[in-house]
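What follows is calculated from the coordinates using simple rules that are stated; it is not laboratory data. This one's a predicted model, so the numbers in the text were calculated from it and none came from an experiment. When we count neighbours, we look across all protein chains shown, and the Cβ atoms used for this are built from the backbone with ideal geometry, even at glycine.
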DNA sequence: ATAATAACTGATTAGTCAGTCAGTTTTTTG
DNA sequence: CAAAAAACTGACTGACTAATCAGTTATTAT
């Protein structure tokens, strides 16, 4: 890892866990063991560093999704939903600090008046929602998922799983023990029922 | 409104929208039109002010829930779910700044080493989850809601609706247009299916 | 009306922070 | 190897911030 990458990664962890404003550039430089000036040599300013982190997150997520969608093959859309939730939670755990940073209010705050930040955030969220969209479309093809509006339903499923990640990261409840329930409820929410009812009336 | 209340309410709005660290006591005093010393006269410190806000939020939520549960009468648990989601979103909108403050990382951060903050947060979240617990219990009594584990299911339903509020507040997507889908998907998630099948088989 | 108490003020203080820059060390290039 | 370029340093600065406190004004009690 180069110095620049070291700073980037350490800053991601600190910003995610302490918050942007609460993390000082001096503290950051001390945790890595470099002079405080080095940060500004590489990133120009604290905000420049933050934007570089966002770009890195964007890049990470693009890579993860590209490799995940390359090997997609599931028995049914509904079964895929389970895998997809597991993958999302795996990602949020593997890149915990990066996901926590995305959930920081400072991030969405900055996006309001910084177009670079806004562009990254938009692209990242589209990718995250996409995983649910593809699942719903696949499930509707094999009739395992109900004919619900794809985009809207995907957004709600996303905010559900994302809310779960937050619950976990905030340590308010022991959310880790809720994984099975989350999957089951998500499936109940989306699974197709027309077949069951029809076969019932048919008899 | 007394001066003290004025400061409390203005601080709630500023902390919620700009963040705790990003809001200075000078800025706060200037928006109300009082001397900066007045804040410290009433609240001792910036953190004391924050804790007073949390107590106020706690109080607000207790009051709202007490009056809501006083007049509870619904045709079915499933119908109640719709009302309860609407009530939750109504609350989050009526007390927007207070709900946004609850979602700030600084709040859950402070709870880790401040017992007063922790106690308030715990009580508030219990009340918020309670609304879903009561609905599930009611629905299970009239057989409109499936026999799922009450607490766990309520936690997930809560995190779903709470995630929705965040989506709305962060302005990333036009979440306002998703209300009907949210209600529908929540109902699909929880509604009982055994009864339908039974009544069907009975005929 | 007067004393006593509470509410309020704002200049001051001690400390912190992002950012700078002249100078040093390391790496690359010819 | 020498010269040039890039990487890095850390003391310094000016702007800003939470908190203080001696003094002032408003309110209440007697």
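Worth pointing out:
- Calculated FRET efficiency for the pair residue B:68/residue B:36, C-beta based, R₀ 22 Å, to 0.05: 0.05
- Distances, shortest first, from the label point of residue B:73 to those at the same position in the other copies read 6.1 nm; the point lies 7 Å along Cα to C-beta.
- Gain upon complete extension [residue B:83, residue B:150; 0.36 nm per residue less C-alpha separation]: 22.3 nm
- Within chain B, the proportion of Cα pairs with more than 31 Å between them is 30 percent.
- Two-site FRET efficiency, residue B:116 against residue B:1, from Cβ-Cβ distance with R₀ of 30 Å, rounded to 0.05: 0.80
- Test item: B:176-187 mean partner chain Cβ contacts at 10 Å: 4
- Value of [θ]222 nm, deg cm²/dmol, for the protein assembly as shown, DSSP H segments ≥ 4, -39500 (n - 2.57) each, nearest 500: -25500 deg cm²/dmol
- Modelled this way, with points 7 Å down the Cα-to-C-beta line, the labels at residue A:59 and residue A:179 are 3.0 nm from one another.
- A:194, B:107, A:60 arranged by Cβ crowding within 10 Å, fewest neighbours leading: A:194, A:60, B:107
- In percent, rounded to a whole number, the relative contact order of region A:59-142 is 48, using alpha-carbon pairs under 8 Å and six or more apart.
- Exposure proxy ranking, count of Cβ atoms within 10 Å, fewest first, for B:41, A:88: B:41, A:88
- Cα gyration tensor shape for region A:1-98, rounded if a/c is under 1.5, else prolate or oblate: prolate
- Shape category assigned to region B:118-173 from the gyration tensor of Cα positions, a/c cut at 1.5: oblate
- Order of B:42, B:118 under a 10 Å beta carbon neighbour criterion, fewest first: B:118, B:42
- Per-residue shielding of A:11-22, expressed as the average number of other chain Cβ atoms within 10 Å of the residue Cβ, stands at 3.
- When only Cα pairs below 8 angstrom with a gap of at least 6 residues are kept, chain A shows a relative contact order of 21 percent.
- Degrees separating the helix B:150-170 axis from the principal Cα axis of chain B, which is the longest one: 50
- 0 to 90° range, to nearest 10: angle between helix B:77-94 axis and chain B longest Cα axis: 10
- Between 0 and 90 degrees, the angle of helix A:46-70 with respect to the longest Cα principal axis of chain A falls at about 30 degrees.
- Sites residue B:123 and residue B:24 - FRET efficiency at Förster radius 41 Å, r taken between beta-carbons, to 0.05: 0.85
- Counting Cβ atoms of other protein chains within 10 Å of each residue's Cβ and taking the mean over peptide B:164-170 gives 5.
- Global form of the protein assembly as shown, assessed from the alpha-carbon gyration tensor, a/c cut-off 1.5: oblate
- The distance linking region A:130-156 with region B:66-83 is 31 Å (Cα centroid to Cα centroid, whole angstrom).
- Between residue B:47 and residue B:137, full extension at 0.36 nm per residue minus the direct alpha carbon distance yields a gain of 28.5 nm.
- What separates the residue A:4 label point from its copies, with the point 7 Å along Cα to Cβ, is 5.5 nm, written shortest first.
- Copies compared at residue A:130 - label distances in nm, ascending, label defined 7 Å from Cα in the Cβ direction: 4.4
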